[in-house]
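**Student:** If you scroll down you'll find the structure; I have some questions about it.
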Amino acid sequence: MTETRQEIDTTRPHPARMYDYYLGGKDWFGVDREAAEEVLRAVPFARTGARQNRAFMQRAVRALAAEHGIRQFLDLGSGIPTEPNLHQVVQQVAPECRVVYADNDPMVLEYVDVLMHGTAEGRTAYVESDVRTDDLLYDERVRAVLDLTQPVALSLVALLHFFPDELDPHDLVGTMVERLPSGSCLVLSHATNDLAPEEGRRIEELYRRGGNHIQGRTGEEFARFFDGLELLDPGVQLVHRWRPEERPELSDAEVSFYGAVARKP
């Protein structure tokens, strides 16, 4: 696989660093704060969606480890580490879990040591790679950690809305799932404009002004990612409604993220 290392660009906002700002992290630059604050002034609930999305990821992977026996996880577009990270969640359930994070953001590489602090029984690794391609499962660095003859949970959380239609994200996900063995699972979340169309279009406009494509998709478009898979209960939901541990007083429009988990037969 071709290496894709880049220099950190601090002259324009970056979606991963803006996301870190929404989550209350500290790994952003002034340009990211300014862009994120502009979004929040226009759409104050943007931070709510980000935080509910993160909580969904934690509940989803915990359920796969605790209820479905998944012990291998491949997290694409992992982003800047924000505790608890995926490996911390699943290794708390089963210390032997193996996790590979993949991203091509040089900012993530700066904090990769945080992703390496897993259990002695398990293993965590970081692969710098272009996640917009479907050949990651052939990467020797991934195969050194994950046994791809056994079920793997493929996680693409808050990632695919940065993929324009011309990259055909449905085909990308379908191809990767096809290469995984039976019993593997897909964890996916995606921003939508279904519930707050005016605000969603405003967010897209602001991100594009900063040089970043973002594209909300409909519930129907989101559900297509799971074609041929068995959706786990409760199916496709707004992320705050997917097995909530508590019921925050939030409207669906405030969240505006779909989430679901499915199993490959």
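**Student:** Applying the Karplus parametrisation 6.51 cos²θ - 1.76 cosθ + 1.60 with θ = phi - 60° to the phi angles of region 131-136, what ³J(HN,Hα) value in whole Hz is obtained for each residue in order, glycine and proline being reported as x?
**Tutor:** 6, 7, 9, 9, 9, 4
**Student:** Further, regarding this structure: Using only C-alpha positions, report the orientation-averaged shadow area of the convex hull of region 99-157, nm², one decimal.
**Tutor:** Spelled out: convex hull of the Cα atoms, projected over all directions, averaged, 4.5 nm².
**Student:** Turning to a different aspect of this structure: Looking at the chain, which longest stretch skips every one of the GluC sites (Glu not before Pro) that is in a DSSP loop with at most 16 other Cβ atoms within 10 Å, leaving the sites themselves out?
**Tutor:** Numbers: sites that count: GLU3, GLU7, GLU96, GLU121, GLU245, GLU246, GLU249.
For GluC sites (Glu not before Pro) (loop position, at most 16 other Cβ atoms within 10 Å), the longest site-free span of the chain is 122-244.
**Student:** Ok, one more. For the pair ARG12/ARG33, report the inter-label distance in nm, with labels modelled 7 Å from Cα in the Cβ direction.
**Tutor:** Reported label-point gap for ARG12 and ARG33 is 2.2 nm.
**Student:** Extent of region 108-243 along each principal axis, from alpha carbon coordinates, in Å, largest to smallest?
**Tutor:** 48, 37, 30
**Student:** How far is it, in nm, from the label point at GLU246 to the one at ALA94 when both lie 7 Å from their Cα along the line to the Cβ?
**Tutor:** Here the answer is 2.9 nm between the modelled labels.
**Student:** Using a 1.4 Å probe on the protein chains only, how many percent of the accessible area of the chain belongs to carbon and sulfur?
**Tutor:** Working: 5390 of 12010 Å².
Carbon and sulfur together cover 45 percent of it.
**Student:** Would you mind computing the Rg to Rh ratio of the chain from its alpha-carbon coordinates, Kirkwood style for Rh?
**Tutor:** My calculation of the ratio gives 0.93.
**Student:** Still on this model: Please calculate how many Å² of accessible area the chain carries per residue, with a 1.4 Å probe and no DNA, RNA or ligand atoms counted.
**Tutor:** The answer is 45 Å² per residue.
**Student:** So what's the net charge close to PRO151: Lys and Arg +1, Asp and Glu -1, counting the other residues with Cβ under 12 Å from its Cβ?
**Tutor:** My count for the surroundings of PRO151 gives +3.
**Student:** Please compute the Cα-Cα pair-distance distribution of region 173-252 with 5 Å bins starting at 0, giving whole percents from short to long.
**Tutor:** Whole-percent P(r) values from 0 Å outward: 3, 12, 19, 18, 18, 15, 10, 4, 0.
**Student:** Write down the Å³ per residue value for the convex hull defined by the alpha carbon atoms of region 1-157.
**Tutor:** 109
**Student:** Nearest-5 percent of antiparallel DSSP beta bridges in the chain?
**Tutor:** Among the beta bridges of the chain, antiparallel pairing accounts for roughly 35 percent.
**Student:** Let me check I've understood the local charge: for ASN85, count other residues with C-beta under 11 angstrom from its C-beta, Lys and Arg +1, Asp and Glu -1. What total comes out?
**Tutor:** Spelling it out: positives minus negatives among the neighbours equals -1.
**Student:** May I have the pair-distance distribution P(r) for region 69-114, computed from all Cα-Cα distances with 10 Å bins from 0 and rounded to whole percent?
**Tutor:** Per 10 Å bin, starting at zero, the Cα-Cα P(r) for region 69-114 comes out as 29, 53, 18, 1 percent.
**Student:** Run the quick spin-label model on GLU83 and ALA42: label points 7 Å from Cα toward the beta carbon, then report their separation in nm to one decimal.
**Tutor:** Distance between the two pseudo-spin positions: 3.5 nm.
**Student:** Further question on the same structure: How large is the helix-only mean residue ellipticity at 222 nm for the chain, computed as the sum of -39500 (n - 2.57) over DSSP H runs with n ≥ 4, divided by its residue count, in deg cm²/dmol to the nearest 500?
**Tutor:** Only helices count here, giving -10000 deg cm²/dmol.
The values are calculated or read from the model by the stated rules, or taken from the named source; none is laboratory data. Only a predicted model underlies this, so the values are computations on that prediction, with no experimental measurement involved. Heads up, the Cβs are rebuilt from the backbone with ideal geometry, glycines too, and the neighbour counts pull from every protein chain shown. For the accessible areas, the whole protein counts, side chains as well, though only heavy atoms, and no ligand, DNA or RNA atoms are used. Shrake-Rupley method; radii C 1.70, N 1.55, O 1.52, S 1.80 Å.
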